[in-house]
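Before any comments, here is the structure.
The values are calculated or read from the model by the stated rules, or taken from the named source; none is laboratory data. This is a predicted model, so every value here is computed, not measured. Because the Cβ atoms are built from the backbone with ideal geometry, glycine has one as well, and the counts that use them run over all protein chains shown.
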Amino acid sequence: MDWLLLYDMQQALDKRIETEHGLEDEDLFERKRLAFLVELGELANETRCFKFWSVKPPAPAERVLEEYVDGLHFLLSLGLECGLFYEGKEAPSAARPLVEQFLAVFRAAERFGAVKERTEYDALFTEYWRLGVALGFSSDDIEAAYRRKNEVNHKRQNERY
């Protein structure tokens, strides 16, 4: 996974959004963290992994992957906001059931929000990548989907989304 390329792409999108919306001088960390948590919740909703009361199946894998990379956009952006870059090379193993993995990501996001340090960011990023693995996505799947969604996000800015 070429994380540095994804950070570069995210930085260009963030800069564009902040410039076009007059946000250059604002601290956006908490808004971005909330956006990440909202996207994480939307992802959980698409997987339906916690909906023990329902027999409806999860969304198609393509839709779940799109929700996953929506969260990745904000995770990269949070790192940029704090001057932190994830450097993991190997995809982590998926050792937990999905519900537990989602909760591990939520907990890691809370810890990172409290201290904003490298170790906590790396832990959050690792847990999120582990979630992607648990969902069945390869590094190539994630990178390709991120690129596609980043392009969509730029197009949305062109259309005053």
Exercise for review: Working only within segment 89-104, note down all residues that are exposed (fewer than 13 other Cβ atoms within 10 Å of the Cβ) and assigned to a helix (DSSP H, G or I).
Suggested key: E100
Revision key, fill the gap. Filtering segment 6-42 down to residues that are touching a residue at least 60 places away in the same chain (Cβ under 8 Å) and under 22 Å from R148 (Cβ atoms) yields L6, Y7, M9, Q10, Q11, L13, D14, R16, I17, E20, F36, L40
Point to revise | Scope segment 89-108; condition in contact with a Leu (Cβ under 6 Å, 6 or more places away or on another chain) and in contact (Cβ under 8 Å) with a residue 24 or more places away in the chain; matching residues | key: Q101, V105
Check your understanding: Across segment 105-129, what is the total count of residues that are crowded, with 20+ Cβ neighbours inside 10 Å and farther than 14 Å from L78 by Cα?
Key -> 3
Revision key, fill the gap. Taking segment 1-28 and keeping residues part of a loop (DSSP other than H, G, I, E, B) and within 25 Å of P92 (Cα to Cα) leaves M1, D2
Review point. Looking at segment 82-140, which of the residues that are closer than 23 Å to R63 by Cα and among the acidic types (D, E) is farthest from the chain's Cα centre (by Cα)?
Key: E100
**Study point:** Filter result for E81 (touching a helix residue (DSSP H, G or I) at 6+ places or on another chain (Cβ under 8 Å), surrounded by 15 or more Cβ atoms within 10 Å (Cβ to Cβ) and closer than 21 Å to R148 by Cβ)
**Key:** no
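Residues are listed down the side, and each one gets a yes or a no for (1) within 20 Å of E151 (Cβ to Cβ); (2) β-branched (V, I, T):
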{"residue": "C49", "(1), (2)": "no, no"}
{"residue": "V55", "(1), (2)": "no, yes"}
{"residue": "L65", "(1), (2)": "yes, no"}
{"residue": "Y68", "(1), (2)": "yes, no"}
Exercise for review: Go through (1) crowded, with 18+ Cβ neighbours inside 10 Å; (2) assigned to a helix (DSSP H, G or I) one by one and return the number of the condition D140 breaks.
Suggested key: (1)
Check your understanding: Out of all the residues in segment 29-57, which are surrounded by fewer than 17 Cβ atoms within 10 Å (Cβ to Cβ) and in a loop (DSSP other than H, G, I, E, B)?
Key -> R48, F50, K51, F52, W53, S54, V55, K56, P57
Point to revise | Count - residues of segment 58-88 that are part of a loop (DSSP other than H, G, I, E, B), touching a residue at least 12 places away in the same chain (Cβ under 8 Å) and over 18 Å from T47 (Cβ atoms) | key: 5
Exercise for review: Hey, could you check segment 91-137 for residues that are modelled with pLDDT under 95 and in contact with a Ser or Thr (Cβ under 9 Å, 6 or more places away or on another chain) and say which is farthest from Q10 (Cα to Cα)?
Suggested key: P92
